[in-house]
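Read the structure below first, then the notes.
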Amino acid sequence: MSGVNLHGIWAIYRTEMARSIRTVWQSVATPVITTALYFIVFGGAIGSRMSHVGGVGYGAFIVPGLIMLSLLTQSISNASIGIYFPKFTGTMFEILSAPLNAVEAVVGYVGAAATKSVVIGLIILATATFFTDVRILHPVWMVAFLLLTSLTFSLFGFLIGIWAKNFEQLAIIPSLVITPLTFLGGAFYSIDMLPQPWRTVSLFNPVVYLVSGFRWSFYGLGDVGVGASLAFTAGFMALCLIALAWIFRTGWRLKP
């Protein structure tokens, strides 16, 4: 590990985590209340009319979708705010002039954002057990999907934070793109329930692959193959890393 500025990485990571700890009650209460409301509305209203999906109780069926919805939005939000705030306050030059290379800075910011997202995901999972019987057939794969998705979309959020010029741009992709894609990506239903051609159209929604792979780790069933889910996530992470490498090499949106 010689040559790696572990102290600098830890400083960024600790600072980002401390920012979340200051609002810990909001961070914990929001997913708990939101999860409870989803189960009351979806589990109560829809679940009473559609008791099982693919042999799984509807309440349990929507748990992976709930976690994935929160995971995507939290990962993007945490990472984008983390890197945008130094730009907004004018302290970005302190980061750029610090004895940190690009990889170390990304590890600090993305690591903190992914950690917060994983914690929120686990809180939602724990909350869901009070409402329905959740079983996890492939716990190792569940953790792998949890970590891989958090890291990938924290990288994506980091890119958004660099790209954004104002708070409106910072929020537009999570609210107008990611959340609708998640709702239309099989988070609360199976795309096999859709008539053609809408089922085929849904396969062009990237979130379908994320939700399907994550649900497979719980119940052994999914709308697409688990290999396709892993391939999509790994491919998207590679694209984010390539984009970040170009940004730090050129200084785009980081330097005047």
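Before moving on, here are some points about what is shown:
- Residue match in segment 57-64 (condition: more than 18 Å from the chain's Cα centre (by Cα), under 16 Å from residue 215 (Cβ atoms) and part of a loop (DSSP other than H, G, I, E, B)): no
- Residue check: residue 200 meets all listed conditions (1) polar (S, T, N, Q); (2) farther than 30 Å from residue 107 by Cβ; (3) surrounded by 15 or more Cβ atoms within 10 Å (Cβ to Cβ) but one, namely (3).
- Of all residues in segment 199-222 being assigned to a helix (DSSP H, G or I) and out of contact with any helix residue (DSSP H, G or I) (no Cβ under 8 Å at 6 or more places or on another chain), the one that is nearest to residue 153 (Cα to Cα): 201
- Residues in segment 120-156 that are outside any helix (DSSP H, G or I) and not hydrophobic (A, V, I, L, M, F, W, C): 129, 132, 133, 135, 138.
- Residues of segment 83-100 satisfying the condition of being in a helix (DSSP H, G or I), surrounded by fewer than 23 Cβ atoms within 10 Å (Cβ to Cβ) and aliphatic (A, V, I, L, M): 92, 95, 96
- Flag if residue 80 is modelled with pLDDT of 90 or more, within 15 Å of residue 254 (Cβ to Cβ), assigned to a helix (DSSP H, G or I) and not β-branched (Val, Ile, Thr): yes
So that you can scan it fast, the table gives a plain yes or no per residue for (1) buried (at least 17 other Cβ atoms within 10 Å of the Cβ); (2) hydroxyl-bearing (Ser, Thr, Tyr); (3) free of Cβ contacts under 8 Å to residues at least 24 places away in the same chain:
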{"site": "68", "(1), (2), (3)": "yes, no, no"}
{"site": "77", "(1), (2), (3)": "yes, yes, no"}
{"site": "102", "(1), (2), (3)": "no, no, no"}
{"site": "123", "(1), (2), (3)": "yes, no, no"}
{"site": "126", "(1), (2), (3)": "no, no, yes"}
{"site": "133", "(1), (2), (3)": "no, no, no"}
{"site": "139", "(1), (2), (3)": "no, no, no"}
{"site": "142", "(1), (2), (3)": "yes, no, no"}
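The values are calculated or read from the model by the stated rules, or taken from the named source; none is laboratory data. Predicted, not measured: the structure shown is a model, and the values here were computed from it. Here Cβ is always computed from backbone atoms with ideal geometry, including for glycine, and neighbour counts include all displayed protein chains.
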